[in-house]
Amino acid sequence: MTSEVLRERYAHRFRAHDTDGDGWVSQDDFVRRARQLVDGLGEPADSARAKALVDGVRESWRSIADIAGVPVDGRIDEERFVAALAGAYDSGIVADIMRPSVAAHVALVDRDGNGRVDEGEFVAAQQAAGIGADDARTAFSLLDRDKDGMLTISEWQSAVLEFYTSTGSDVPGVRVLGMKAG
């Protein structure tokens, strides 16, 4: 059974994805948010990395819509969105839903293409998403578990998965998805 802490986090993600503030999320909201990051990083919208991010968020949206029982071109209110993610948590498939968009997100943020994200790349991406530089630097230091000054896809995916599955307030994933720990 999904805890109240996780339900609150899922509601937070709903509000982050409701880019037009109409009280609903749709594939358009997910894509709009991805394009905001693409634009914020100065990535050409037609680049392979930008397209991969849009494809990744569309895949995540399709999974959420399917669980919520709405068509891909439909929309979901906060209650149904939270219930869909809670259902994904209860059935153990949250990671499967988030993995495609996280991998594409990391690939986009990895501006030099070395397969890892340094602090500067991370801070720039977080600022493009509306997170302050100080909070982004703190989040980076929490996510960089091996303290090598770089984030791998694995470290980033672990943090995202923690956000969606761990009830602890001190887990690094709480920071990377825009909520302060503790």
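The P(r) of region 113-182 has a tail past 15 Å containing 48 percent of all C-alpha pairs. Full extension of the chain segment joining Asp148 with Arg7 gains 47.4 nm, where the gain is 0.36 nm per residue of separation less the Cα-Cα distance.
At full extension, Ala103 and Glu79 could sit 5.9 nm farther apart than now, given 0.36 nm per residue minus the alpha carbon distance.
With the charge dipole of region 1-129 set up from +1 on Lys and Arg Cβ and -1 on Asp and Glu Cβ about the Cα centre, the Cα lying farthest toward the positive end among the listed residues Ala86, Gly21, Met98 is that of Met98. Calculated accessible area for region 1-150 comes out at 48 Å² per residue, all protein chains present (probe 1.4 Å; ligands, DNA, RNA ignored).
Taking all protein chains together and rolling a 1.4 Å probe, Ser63 ends up with roughly 40 Å² accessible.
On the accessible surface of the chain, probed at 1.4 Å, how many percent belong to carbon and sulfur atoms?
Working: 4050 of 8420 Å².
After summing per-atom areas, the C and S share lands at 48 percent.
Across all Cα pairs in region 66-126, the calculated P(r) in 10 Å bins from zero up to the longest distance comes to 20, 34, 25, 21, 0 percent per bin.
What does the convex hull of the alpha-carbon atoms of the chain project to on average, in nm²? Could you put the intermediate results ahead of the total?
Values: hull surface 38.3 nm².
Average of the hull's projected areas for the chain equals 9.6 nm².
Taking Cα centre as origin and charging only the Cβ of basic (Lys, Arg, +1) and acidic (Asp, Glu, -1) residues, the dipole magnitude of region 12-138 rounds to 180 debye. Sorting Tyr89, Tyr10 on solvent-accessible area from highest to lowest, probe radius 1.4 Å, gives Tyr89, Tyr10. Computed over the Cα atoms of region 36-138, pair by distinct pair, the Kirkwood hydrodynamic radius stands at 14.9 angstrom.
Counting 0.36 nm for each residue step from Asp90 to Ala48 and taking away their Cα separation leaves a gain of 11.7 nm. Sorted largest first by accessible area at a 1.4 angstrom probe radius, with every protein chain in place, the residues Asp18, Asp77, Asp28 fall in the order Asp28, Asp77, Asp18.
The values are calculated or read from the model by the stated rules, or taken from the named source; none is laboratory data. Quick caveat, the model's predicted, so the values are computed rather than measured. Neighbour counts are summed over all protein chains in view; Cβ atoms, including those assigned to glycine, are modelled from backbone coordinates with ideal geometry. Heads up: the accessible areas ignore ligands, DNA and RNA and are worked out on the full protein's heavy atoms, side chains in. Shrake-Rupley method; radii C 1.70, N 1.55, O 1.52, S 1.80 Å.
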